[in-house]
Amino acid sequence: MATPRRLATGVPSPVPHVDFTVRSAALAREFADSHHAPADSRELVANAIAMHYSPGVGLESGAEAYLLSAGAAVDVFGLRGNEIPDAVRKSVIEEYPRLGFKREFAGLLRAEAKQVPGGRAWYLHRFALSDLSIRLAPFRD
């Protein structure tokens with residue numbers, strides 16, 4: 001059995017009027033810069049993070065942006081989760097337990113939506129019924 005890990009959502013604390021994807025991209029860029037990553041790699045990662053909650057991110061946006069967007073959609077809302085073989089899903093959850101992710105993430109999205117009206121979380125919360133969608137995701141927590 002895997003060793004429990006601390007829950008990490010990837011959503012920094014809400015800042016009024018600054019979308020979490022923009023803040024997260026800036027944090028990733030700073031981290032990569034402090035570790036002397038090449039400039040093109042820093043921008044690739046930052047752009048993928050900034051785009052990952054935008055509707056319609058496809059392969060034309062770059063493999064990294066597409067995979068991050070698709071992965072977040074599975075993780076948060078369970079979208080296309082049926083395309084992942086049961087054995088793979090079970091092994092990933094065993095290795096990386098969700099540790100109350102649904103409850104934690106739903107709360108972070110609500111806080112973000114309140115702080116950043118018109119931001120991605122606000123739209124998800126208002127139009128995609130994010131609380132309900134997260135609760136209905138096919139993961140137990």
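The values are calculated or read from the model by the stated rules, or taken from the named source; none is laboratory data. Quantities reported herein were computed from a predicted structural model and do not represent experimental measurements. FYI the Cβ positions are ideal-geometry reconstructions off the backbone, even for glycines, and counts take in every protein chain you see.
State which residue is surrounded by the fewest Cβ atoms within 10 Å (Cβ to Cβ) when the search covers only the stretch 103-141 and only residues that are aromatic (Phe, Trp, Tyr) and in a helix (DSSP H, G or I). Filtering first and then ranking leaves 127. If only residues of the stretch 1-52 that are modelled with pLDDT of 85 or more and part of a loop (DSSP other than H, G, I, E, B) are counted, the one that is surrounded by the most Cβ atoms within 10 Å (Cβ to Cβ) is 52.
Go through the residues of the stretch 99-111 one by one and say whether even a single one is out of contact with any helix residue (DSSP H, G or I) (no Cβ under 9 Å at 6 or more places or on another chain) and over 24 Å from residue 51 (Cα atoms). Within the stretch 99-111, one or more residues are out of contact with any helix residue (DSSP H, G or I) (no Cβ under 9 Å at 6 or more places or on another chain) and over 24 Å from residue 51 (Cα atoms). Listed by first and then second residue, the pairs with beta-carbon distance under 6 Å, at least 6 apart or on different chains, first residue in the stretch 80-102 and loosely packed, with under 13 Cβ neighbours inside 10 Å and part of a helix (DSSP H, G or I), second at pLDDT below 90 and not aromatic (Phe, Trp, Tyr), are 94/2; 95/2. In the stretch 31-59, the residues that are without any contact (Cβ under 8 Å) to a residue 60 or more places away in the chain reach residues that are assigned to a loop (DSSP other than H, G, I, E, B) with C-beta atoms within less than 6 angstrom, at least six apart or across chains, in these pairs: 51/57. Checking 62, 78, 100 one by one, the residue that is touching a Pro at 6+ places or on another chain (Cβ under 9 Å) and at positive phi is 78 and no other. Could you look through the stretch 53-82, keep only residues that are farther than 17 Å from residue 125 by Cα and of a type in the set (D, E, K, R), and pick out the one that is modelled with the lowest pLDDT? So, considering only residues that are farther than 17 Å from residue 125 by Cα and of a type in the set (D, E, K, R), the one modelled with the lowest pLDDT is 80.
If you go through the stretch 36-90 and pick out every residue that is of a type in the set (Lys, Arg) and either farther than 23 Å from residue 132 by Cα or touching a Cys at 6+ places or on another chain (Cβ under 6 Å) (or both), you end up with 2.
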